Amino acid sequence: MPALRAERLCPNAVFLPLDFPRYRAISRQVREIFHRHTDLIEPLSLDEAYLDVTENKTGLPTATQVARTIREQIRAELQLTASAGVAPNMFLAKIASDWKKPDGLFVIQPEEVDGFLLPLPVGRLPGVGKVTEEKLKGLQVNTISDLRRFELPLLESRFGRHGVRLYELARGIDESPVVPDRPTQSISAEDTFEHDVSLAETEQMIRKLAELTWAASRKERRVARTVVLKLKTSDFRILTRSHTPLSPPASCEQLTAIALSLRERVLPGPQQRFRLVGVGLGNFFDPDDLPAQPVLFE
């Protein structure tokens, strides 16, 4: 539930400050548990990952038993609950993992795919956002069963390449492999103020977050081109500003200077206050792909 809605429903709720260093530390501990069972782990976020346990290290005979064991180990060692979905492919496992939250385990056996999938709203398919969902409703497609009635040429003509994906997902087909160690796309650090502050009061936090982001980026072999500043207003609107300099930031000082300059591109009203700020690096590339310095003198 978005925090804004929670606050409206419960005005007296106490919102605890975020603690991303703590979250990252726990996330690493959870992944250490994952690695006892398989090295085919594809993280999606701090608290979510795909695991391929077709062949697992512990010799457990089924994926269901692996999932059950992982959940038990997380509870025993970290005193945390975890939900899991077990299915023949990634997109079904993702849906299954949401099915019995919190602290649930849901399994879709291969022979159960159609019975589970077909009654679902078409909006449950990955990549079907509000725009696509409205277009599908215009074709009288409300459920995945409705979508399956359409042949591939029609879906391609209406949705292009995404039509192929829709055709496959409606049939429970997803050949996507679990890919460990995907190249980093972005690194960021953000924090929430104890009390909403003016834009001028964000400088100290921006400097601190730039240091954290820079330190995290030093663990990457790849280099980031783009600096991003994120701000969340007191009414929960997200503002972002980004800059891609001619040369990637070469030091924490340069990153900090760019982040602070991005703040100058935010034009708040006189009463505007901010509850969160974040500093990020994105647009990573391999240093070997950097064009060679042109010859200045011959």
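The values are calculated or read from the model by the stated rules, or taken from the named source; none is laboratory data. What you see is a predicted model, and the numbers here were worked out from it, not measured in a lab. For neighbour counting, all protein chains shown are included, and Cβ atoms are generated from backbone atoms with ideal geometry for every residue, glycine included.
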Residues being part of a helix (DSSP H, G or I), exposed (fewer than 10 other Cβ atoms within 10 Å of the Cβ) and either of a type in the set (Val, Ile, Thr) or touching a helix residue (DSSP H, G or I) at 6+ places or on another chain (Cβ under 7 Å) (or both) - total across the stretch 125-140 = 1
Unmet criterion (only one of (1) closer than 17 Å to Arg165 by Cα; (2) modelled with pLDDT of 95 or more) for Pro126 | (2)
Pairs, first assigned by TED's automatic domain parsing to the domain that holds Thr202 in the stretch 233-262, second surrounded by 13 or more Cβ atoms within 10 Å (Cβ to Cβ) and of a type in the set (Asp, Glu), C-beta under 7 Å, six or more apart | Ser234/Asp196; Cys252/Glu211; Leu260/Glu203
Might you check whether a residue that is surrounded by 13 or more Cβ atoms within 10 Å (Cβ to Cβ) and part of a helix (DSSP H, G or I) occurs anywhere in the stretch 219-241?
-> no
Out of Ala76, Ala84, sole residue that is surrounded by fewer than 12 Cβ atoms within 10 Å (Cβ to Cβ), of a type in the set (A, V, I, L, M, F, W, C) and modelled with pLDDT of 95 or more = Ala76
Is there a residue in the stretch 151-168 that is closer than 30 Å to Leu40 by Cβ, touching a residue at least 40 places away in the same chain (Cβ under 8 Å) and buried (at least 16 other Cβ atoms within 10 Å of the Cβ)?
-> yes
With the stretch 1-115 as the region, which strands (runs of 3 or more DSSP E) entirely inside it contain at least 2 residues that are over 22 Å from the mean Cα position of the chain (by Cα) and of a type outside the set (D, E, K, R)?
-> none
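Is there a residue being part of a loop (DSSP other than H, G, I, E, B) and over 27 Å from Thr69 (Cβ atoms) anywhere in the stretch 158-169? Give the steps one after another, and end with the answer.
Initially, the stretch 158-169 is screened for residues part of a loop (DSSP other than H, G, I, E, B), giving 160.
Narrowing the set further to residues that are over 27 Å from Thr69 (Cβ atoms) leaves 160.
Yes, the stretch 158-169 has at least one match.
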Failed condition for Ala259, given (1) at pLDDT 95 or above; (2) within 18 Å of the chain's Cα centre (by Cα) | (2)
For His195, all conditions in the list (1) modelled with pLDDT under 90; (2) crowded, with 17+ Cβ neighbours inside 10 Å hold save one; what is the number of the exception?
-> (2)
